[in-house]
1. Pick from B:Val39, B:Val47, B:Val68: which is more than 13 Å from every other protein chain (Cβ to nearest Cβ), in contact with a Gly (Cβ under 9 Å, 6 or more places away or on another chain) and not aromatic (Phe, Trp, Tyr)?
2. Could you identify the single residue in A:Phe13, A:Phe115 that is more than 30 Å from A:Ala181 (Cα to Cα) and in contact with a Gly (Cβ under 8 Å, 6 or more places away or on another chain)?
3. Out of segment B:96-117, which residues are aliphatic (A, V, I, L, M) and farther than 15 Å from B:Tyr137 by Cβ?
4. For segment A:178-251, please list each of the helices (runs of 4 or more DSSP H) lying entirely inside it that holds at least 1 residues being more than 30 Å from A:Tyr262 (Cα to Cα).
5. Need pairs with beta-carbon distance below 7 Å; first residue more than 16 Å from A:Ser179 (Cβ to Cβ) and surrounded by 12 or more Cβ atoms within 10 Å (Cβ to Cβ) and within segment A:190-205, second of a type in the set (A, V, I, L, M) and modelled with pLDDT of 95 or more; sequence gap 6+ or separate chains.
6. Among (1) closer than 19 Å to B:Ser25 by Cα; (2) of a type outside the set (Ser, Thr, Tyr); (3) touching a Leu at 6+ places or on another chain (Cβ under 8 Å), there is one condition B:Gln209 misses while meeting the rest; what is its number?
7. Of the numbered conditions (1) over 30 Å from A:Asn248 (Cβ atoms); (2) touching a helix residue (DSSP H, G or I) at 6+ places or on another chain (Cβ under 6 Å); (3) in a loop (DSSP other than H, G, I, E, B), A:Gly93 satisfies every one except a single condition; which is it?
8. May I ask you to say which residue of B:Phe195, B:Phe225, B:Phe190 is crowded, with 17+ Cβ neighbours inside 10 Å and under 26 Å from B:Arg90 (Cα atoms)?
Amino acid sequence: MHVIAKYSYLTLFILLAGVPLLAGLGYALLYSLGLTGVLNEGFTIVHWYKSLINRSLWQSLGFSFYIAFITMSIAIGLALWAVVRQGEAFRSGYLSFLIYLPLTLPATVIGFYSFQLLAKSGLLSRLGFQAGLLNDLADFPVLVNDSWGVGIIFTHICMATPFLIILFTNLYHNENLKSFAALAQTLGARAPQVIWRVIIPVLLQKSFATLVLYFVFVMSSYEIPLLLGSQSRQMISVFTIEKLQRFNLQDIPQAYAISVLYGMLLIILVIKLLGRNK
Amino acid sequence: MSKYLFKIILSIIILLPFAVLAVLSLGRNWAFPAVLPAVFTFDNWRVLLLAQSDLSQSLALSLFISIVIATAVTIASFFTSKFISFSPWRRRWLLIAYFPYMFAPVILAACLQYYFLRLGWAGSAGGVMLAQLFIAYPFGVIIFTGFWNERLHNMEQLVATLGGNAWQTYTRVLLPVAKGALLICFFQTFLISWFEYGLTRLIGVGKIQTLTLKVFQYVNEANVFYAALASILLAVPPIVLLWLNKRYVFVNFN
């Protein structure tokens, strides 16, 4: 009975977690090689070749990496600063509840809020105008749908920072860092040394796997760049889905080739990084 | 920076999105450069929350999908994770569970759309729920793998030694001990389903209008006030779950 239950659940796991991914990647691979789909023309690597020499693909991958890198650098910096300087505030009192509130907003809603805040006719621009800092809409800088992804980065930071504050706060207490810091000070370390040599390295090392996964999550994000991104520079998910949904049928096999390439890249990256960490 | 000032500034930053959305959901006529809408009214809420309105139907549909997903995933992943946690190939199994996240859900949906279309499941609530299971179920397994440990294994063996059967082991020992983890898994998988956009849009082919899709629709129609209202509706269940979490689950853990 126990053995039947065990294999039933493991089969269910394979069917729901492993098979869809393999089936999806398999279909995308066959389509990109001309072996299935409306453009089924027999085995060809021409779609892969066209995808790989397409500058837009590498720009899109680079742009996604840039967004994730800047977002994570700023969010990690802010969260570390908050936890190291004001860590106790997140353990008790009203901030221990409030810090969870941003996590209740989906990416779609935070993206919409960012747009209302940062757009040329948004709240910041209106406040600037009322304060006499701006004379016209055109005086306000382009912060959304811009080619540097300022709006996308801002929105991801809004989402990531509270999450990382909660993560680091829990680690700080679970790893008993207060005692380590006291010990380091007893042994003669100065306050900056305690922060840079003891607290921050431990927090970053213990949260490495989560940070890598969050980095991948930002790189792969879809709703936020769809709302706040520009047409000239697209993140990889938006780039791929737009290619898939264009009227030009020649774009579809290339979109599937990009899906396979991106999927394999991420899987290899995460296995390497997480494997090395363990 | 003083602790008091830090708390005040951070509280304002956290609460600002909720305030902006609430104001916009009650507003009309927000012409530049006015900071606040010219008119405040409950009409937006009244119109959109009528039982027959699109939004109330989307709210009911989203709640239905998310509750079914969270319940099914919590039950299935509780048992699956037990076998995975005590398996000699635990790390390999867990790696499979991480894969759907590494692969962006929207790209996964694009690759799977063909199968859903061929099987006639695209554009149906059942199809969307099945697709969401591909993301939520592995996540449920990941949540529970931290729960199963040697102590629980020993407890299970102790019950068997004392003459308890499998049913008694689960109902009298394992499920009561797992109450907190079960609630966390239910909340988290509810949120995954509740927040899902790209996968739902592609597999639902626009026919399954959940609340997240409604927000996008209103944004594309440049209807700021309805988009704000739909956004608030999207935030309410997670806030209730957060409150329940803090009120009951964390208390039980402590």
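The values are calculated or read from the model by the stated rules, or taken from the named source; none is laboratory data. If you're wondering where the values come from, they're calculated on a predicted model, not measured in any experiment. A quick note on method: Cβ atoms are made from the backbone with ideal geometry, for glycine too, and the neighbour counts reach across all protein chains shown.
1. B:Val39
2. A:Phe115
3. Across segment B:96-117, the qualifying residues are B:Met102, B:Ala104, B:Val106, B:Ile107, B:Ala109, B:Ala110, B:Leu117.
4. A:200-206
5. These pairs meet every condition: A:Ile200/A:Leu80.
6. So B:Gln209 meets the others, but not (1).
7. Unmet condition: (2).
8. B:Phe190
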